């Protein structure tokens with residue numbers, strides 16, 4: 001499955017947010033590239049995919065239904081312990097929602113990476 005064009009605007013908008021969480025490594029976009037950036041901080045690593053969406057105002061579970069192919073690909077990445085698999089969704093207005101991709105579901109995150117209750 002192809003992701004289509006890489007979200008260049010989203011990558012630029014995500015960099016300052018990612019820097020708040022640690023050291024950011026941007027991944028060069030290209031065919032078959034799943035990740036857009038990696039955030040490292042003492043004791044943790046976040047592997048992040050960025051995706052532009054039309055509508056952010058849906059329940060968290062709806063993202064897994066709407067973007068199941070992408071989430072399935074992300075689930076193939078290593079996880080656990082200090083590694084967090086994440087997808088960051090944004091819309092044309094520059095509004096963001098952040099999710100951690102677990103083995104059996106997704107959990108919404110705050111911009112700082114902490115889990116939002118009930119996500």
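The table below lists the values:
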| item | result |
| --- | --- |
| Residue identified as within 14 Å of the chain's Cα centre (by Cα) and assigned to a helix (DSSP H, G or I) among 17, 45, 77, 35 | 17 |
| Residues that are without any contact (Cβ under 8 Å) to a residue 24 or more places away in the chain, closer than 22 Å to residue 19 by Cα and touching a strand residue (DSSP E or B) at 6+ places or on another chain (Cβ under 8 Å), drawn from region 41-80 | 41 |
| Looking only at region 80-105, and only at residues there that are over 14 Å from residue 56 (Cβ atoms) and not in a loop (DSSP other than H, G, I, E, B), the one that is farthest from the chain's Cα centre (by Cα) | 80 |
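No value in this document is a laboratory result; all are computed from the given coordinates. Computed from a predicted structure; not experimentally measured. Note that we place each Cβ from the backbone using ideal geometry, even for glycine, and neighbour counts take in every protein chain shown.
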